[in-house]
């Protein structure tokens, strides 16, 4: 029996309302016991000073396979995930071809099993070819294991199609994840519509492009009673709309990315394409509203929107460069900086945002340290000070605006199904290679 | 004359925008241009300041007057000039801007004059190459030499910039000329009013020191200078105004409006003009018009810019 005992860590498990220093016993890929334990194990690790949390879950990543394997693969994305502390990731269907049928969903599971690093859950497309016209075969994709549906990369523009999709998906108790952006209002934009875009003469995406679609969808979600999830929320107006909808009982959830909690549109002033993503970096007021939204529970969880792009693509003119930055290997310290260091939330809320909340939204039996749960565990050293070095990323790409940032907090070990799949801490984990 | 006598406090090898320049730096360019102005009127229209230097016009967008003006300016400084246009080049085959520029630089080019439809393209270029980069217009961002020649022309007529009231009328939202003029004029102490339809003159510009107005008739009597921008006919399809005729009625500069302007108002236009649309022939060719002088002054200003950047690069 393969057993692992982590001693004297601060065990934070929001799913069971647990936050206390204690020991955690893992055996046969399951959590066995928590508390002051006298049990013996094959392997004992001193967890003093570490946070022991359920394995982190990133419910919004782009793995580029199939189609753009030069930028990322399911295997390389999984490597980046475990290096960043994630034991589960959910990948968006905007691959080439898109994940819009049963076989595509099975393909992701097959490649993830080959990589054998972390759990990879496919999100299926809402419409065939992500074209926004005809519903994709969601029922069959659910059978193959699709955990949610989204046309991410763009929103479902047609209100009638979105209404039908919400109505239909109710049968399967899965969430529809919407990239909220009205295409006509956003037309051709490449950064947030604000003073900086005016100054730079760059075509821009107004906050209302996001808010118009959020408001429309909330009406549709309320009518259908379906589960609706706002992807990468970024504006104060959208946060307020979700807050009000939740208050009146709409089944809505929302996620936010680290960059929308830390950076503003002013970062684009030097035409550096590492600050170009969609939704774009917004105003200071929007950043504050997103932080407050996390703090009061309007925004349920964090996600990275990990979007690898080659250096060749990112060195194009700002208007012509693709949207997106990678995030898996920087998400932990960045959300700590944005939310904990600023005093907006405490550790249990932070952990919930990366574990139990996304697990609930995706309907995963993950994100918990209850006895019997899968032994997906992340060990975090909250005091670890380090410098982000994109050159050492496991992702195939380097497109991050955070290269060189001095940060605090790091996942020092990532345990998936009882196996240590990544560690930065050779002292506590002798004999473990950086990536197994 | 080998070099102008202006006190040089110019240390930049690139001219990417006016926003980042100080009033003093703009003054250095204008004074240097003053010194170059008489070169064009001499029988031998050349000085040897850039002899042995190579200037490339790297134009990714159609342009006749700016390209010609830069070519002549470089030739008057005795530089060798090559033209590179995106049409039929490797750009059409998918080469990136950085690669194109590095390839051209590898042929021994000293200064790149770049026009590009994307805002920020010259900034990207300046990070890719070692030679000087001069922005000849990037997207909707800036057109620094146009604004400099506008400043030069205003100073020539009014003797100063400080304290003047300048109207810039038209499609400000999409205009690089308007942005560069805003920075240049406000840094030198003028007061800028942007005039045009609400769809083309966003209030955001107020944050950068411009006054925003949507009724030309209400304010036309205030200005010392009126700079009319070119209206792009394509804008009608994007619903920023319903018809060219309506635009002309509301914002066109005609003889009737001119009668309510200051008697010594200076009328400018960056060209190319749509006669009968944003400006009538009567006004464009009238006594208050400085439109052709702008073109003439463009040469001296571009000579100054080429000269100063080359000198700062150690040339």
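Here, each number is a calculation from the coordinates, and none is a lab measurement. Only a predicted model underlies this, so the values are computations on that prediction, with no experimental measurement involved. A quick note on method: Cβ atoms are made from the backbone with ideal geometry, for glycine too, and the neighbour counts reach across all protein chains shown.
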Taking Cα pairs closer than 8 Å and at least 6 residues apart, the relative contact order of chain A in percent is 19 percent
With everything on Cα atoms, drop me the angle between helix A:159-169 and the longest principal axis of chain A, reported from 0 to 90° to the nearest 10. 30 degrees
I want the antiparallel fraction of DSSP beta bridges within the protein assembly as shown, as a percent rounded to 5. 35 percent
Over chain B, relative contact order from alpha-carbon pairs under 8 Å, at least 6 apart, %: 21 percent
Tell me, what is the percent relative contact order of the stretch B:247-315, built from C-alpha pairs under 8 Å that lie six or more residues apart? 33 percent
Given the Cα atoms of the stretch B:18-75, and with Rh set as the inverse mean 1/r over their pairs in the Kirkwood sense, what is Rg to Rh to two decimals? 1.01
Tell me whether the stretch A:55-362 comes out rounded, prolate or oblate; compute the Cα gyration tensor, take square roots of the eigenvalues as a ≥ b ≥ c, and use a/c under 1.5 as the rounded threshold. rounded
Evaluated at q = 0.08, 0.10, 0.18, 0.20 Å⁻¹: base-10 log I(q)/I(0), Debye formula over Cα of the stretch B:144-294: -0.18, -0.29, -1.03, -1.32
Grab the DSSP H runs of chain B that are 4 residues or longer, score each as -39,500 (n - 2.57), total them, divide by all residues and round the 222 nm result to the nearest 500 deg cm²/dmol. -10500 deg cm²/dmol
GNM result for chain B, Cα springs below 10 Å: residue of B:213, B:132, B:114 fluctuating most strongly: B:213
Sites residue A:20 and residue B:206, calculated FRET efficiency, Cβ-Cβ separation with R0 51 Å, nearest 0.05: 0.40
Chain B, Gaussian network, Cα under 10 Å: of B:74, B:284, B:147, the residue fluctuating most is B:284
Calculated from DSSP helices alone, with each H run of at least 4 adding -39500 (n - 2.57) and the total divided by the residues of chain A, [θ]222 nm to the nearest 500 comes to -8000 deg cm²/dmol
Ordering A:220-229, A:83-92 by per-residue average of other C-beta atoms within 10 angstrom, highest first, gives A:83-92, A:220-229
Which whole number gives the average, over all residues in A:270-276, of C-beta atoms from other chains lying within 10 Å of the residue C-beta? 3
Give the distance, in whole Å, between the Cα centre of the stretch B:222-254 and the Cα centre of the stretch A:332-410. 53 Å
Quick one: check the C-alpha center-to-center distance for the stretch A:253-305 versus the stretch A:1-29, whole angstrom. 33 Å
For the pair residue B:103 and residue A:292, the simple spin-label estimate (label points 7 Å beyond Cα toward Cβ) gives in nm 5.3 nm
Measure off 7 Å from each Cα along the Cα-to-Cβ vector at residue B:80 and residue A:143, then give the distance between these two points in nanometres to one decimal. 7.2 nm
If I build a Gaussian network model for chain A, linking alpha-carbon pairs within less than 10 angstrom, which residue out of A:204, A:38, A:395 has the largest mean-square fluctuation? A:38
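Quick one: if the Förster radius is 60 Å, what FRET efficiency do residue A:37 and residue A:247 give, using the C-beta to C-beta distance and rounding to 0.05? List each step's numbers first, then the result.
Numbers: r = 43 Å, r/R0 = 0.71.
The formula returns an efficiency of 0.90 here.
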Taking 7 Å along the Cα-to-C-beta vector as the label spot, tell me the residue A:29-residue B:215 distance in nanometres, rounded to one decimal. 7.6 nm
FRET efficiency, residue A:403 to residue A:113 (Cβ-Cβ, R0 30 Å, nearest 0.05): 0.40
For the protein assembly as shown, shape from the Cα gyration tensor axes a ≥ b ≥ c, cut at a/c of 1.5 then a/b versus b/c, turns out prolate
